[in-house]
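The values are calculated or read from the model by the stated rules, or taken from the named source; none is laboratory data. Just so it is clear, the structure is predicted and the values come from calculations on it, not from any experiment. Quick reminder, even Gly has a Cβ in these numbers, built from the backbone with ideal geometry, and neighbours come from all protein chains shown. Each accessible area value is taken on the protein alone, full model and side chains, heavy atoms only, with ligands, DNA and RNA left out. Shrake-Rupley method; radii C 1.70, N 1.55, O 1.52, S 1.80 Å.
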Amino acid sequence: MHTPLCQHATGTPLEMARAALDAGLAGITFTDHMPMPAWYDAPWRMRRDQLDHYVSSVREAQSAFASRLEVRLGLEADFHPGTEHWIEEVLSAHEWDYVIGSVHYIGAWGFDNPEFQDEYERRDPGALYRSYYALIEGAARSGLFDAIGHLDLPKKFGLRAPEDGPALAALDVIAARGLALDFNTAGWRKVVGEAYPSPELTYQAVARGIPFVLGSDAHSPEEVGYRLGDARQLLLEEGARVVTFKARILQEEDSEAQRG
């Protein structure tokens, strides 16, 4: 879940929390895009000097909805080689419940940004996905994150991986490092019309014992809890573990975690 501080979302933490309560959820975790160096993706995330405000706004929602909705504090962090020390500094600034590690850039290309979608026409699909999953492996090995976000994100605009090997190798690293996967329902809202990860990659992750955290990747109150019930049912039918994180410690999902 995101907030207006990321510059591409609407709905304050109080409004998002109200939407979650109305949707029948028992708890939520805010995971706004973490600050990065000024040269990195500046129009699409909060600034470093806004981090304390982000934390205080989530704490305000925690207090306002105490006893009615559990509100947790997290971040969606970016893995970009060379910025690991920056990420460590930001993560050390506050006590987080959950940190997602996502890859949004291949080199200088923000590949999931609609403004730069035409670059797909200039790329070899196999090379693109191999580069992407090499970065995912780097994120998993970094030790910075609790889960990997939207595993097969480059399919967002409809271009699917031509081979399975790079994704399966990344899953092997994720499993070996004991990380979870973000089961991200935003993919059902995109051109590809499929959650992240795909059914096949979900199956492969379950076979490796990788647990999942449900995520709507909400950028507005209307998206809060989007198809989480469908996602949870799908995962349980696959035999997956559905978990949450609190104080960056994995928590087995309470059977009453979603009442609606």
Open item on the list: List the GluC sites (Glu not before Pro) within region 83-161 that DSSP assigns to loop and that have no more than 11 neighbouring Cβ atoms inside 10 Å.
Closed with: Glu95
Task: Tensor-based shape of region 147-225 (alpha-carbon gyration tensor, a/c under 1.5 rounded, otherwise prolate or oblate) - done: oblate
Task: Heavy-atom surface of region 1-103, accessible at 1.4 Å and reported per residue (Å²) - done: 41
Open item on the list: Whole-Hz ³J(HN,Hα) for each residue in region 150-165, computed from phi via Karplus 6.51 cos²θ - 1.76 cosθ + 1.60 with θ = phi - 60°, x for glycine and proline: what do you get?
Closed with: 4, 3, 10, 4, x, 7, 3, 9, x, 7, 9, 5, x, 8, 8, x
Task: Thr83 paired with Ser142, simple spin-label distance in nm, labels 7 Å along Cα-to-beta-carbon - done: 0.8
TODO: Return the percentage of antiparallel bridges among DSSP beta bridges fully within the chain, rounded to the nearest 5 %.
DONE: 30
Task: Most fluctuating residue given options Leu234, Leu69, Leu179, as computed from a GNM of the chain linking Cα atoms under 10 Å - done: Leu234
Task: Area projected by the alpha carbon convex hull of region 1-139, averaged over all directions, nm² - done: 9.3
Task: Karplus-derived HN-Hα couplings along region 127-140 (A = 6.51, B = -1.76, C = 1.60, θ = phi - 60°), whole Hz, x at Gly and Pro - done: 5, 4, 5, 5, 5, 4, 6, 4, 5, 4, 4, x, 4, 5
Open item on the list: Give me, ordered by chain and number, the residues 5 or more places off Gln251 or on other chains with an amide H under 5 Å from its own placed amide H.
Closed with: Thr244, Phe245, Lys246
- [ ] For the chain, with a Gaussian network of springs between Cα atoms less than 10 Å apart, report the residue from Val213, Val191, Val173 with the top mean-square fluctuation.
- [x] Val191
Task: Theoretical FRET efficiency, 1/(1+(r/R0)^6), r = Cβ-Cβ of Ser67 and Ser92, R0 41 Å, to 0.05 - done: 0.85
Open item on the list: As a test, work out the antiparallel percent of DSSP beta bridges whose residues both lie in region 1-152, rounded to the nearest 5.
Closed with: 10
Open item on the list: Could you work out what % of the accessible surface of the chain is carbon and sulfur, using a 1.4 angstrom probe and leaving DNA, RNA and ligands out of the count?
Closed with: 50
- [ ] Could you tell me whether region 95-231 comes out rounded, prolate or oblate from its Cα gyration tensor? Rule is a ≥ b ≥ c as square roots of the eigenvalues, rounded for a/c under 1.5, then prolate if a/b exceeds b/c, otherwise oblate.
- [x] rounded
Open item on the list: List the residues, sorted by chain then number, that are 5 or more residues from His104 or on another chain and whose placed amide H is less than 5 Å from its amide H.
Closed with: Phe79
Task: Other-chain or far-sequence residues with amide H under 5 Å of Leu214's (modelled H) - done: Phe183, Val243
- [ ] Multiply the residue gap between Glu121 and Asp172 by 0.36 nm, knock off their C-alpha separation, and tell me the result in nm, one decimal place.
- [x] 15.4 nm
TODO: Could you point to the label whose value was computed as volume of the Cα convex hull per residue in Å³ for the structure here, given (1) 113; (2) 171; (3) 163?
DONE: (1)
Task: Spacing of the two label points (7 Å from each Cα toward its C-beta) at Ser56 and Asp22, in nm - done: 2.8
- [ ] Mark the label point 7 Å from the Cα of Leu14 along Cα→Cβ and return the residues of region 29-68 whose backbone N is within less than 11 Å of it.
- [x] 60-61, 64-65
- [ ] Provide the per residue accessible area, probe 1.4 Å, for region 117-260, rounded to a whole number of square angstrom.
- [x] 44
TODO: Rounded to whole Hz and in sequence order, give me ³J(HN,Hα) for region 214-219 from the Karplus expression 6.51 cos²θ - 1.76 cosθ + 1.60, θ = phi - 60°, writing x for Gly and Pro.
DONE: 6, x, 8, 6, 5, 10
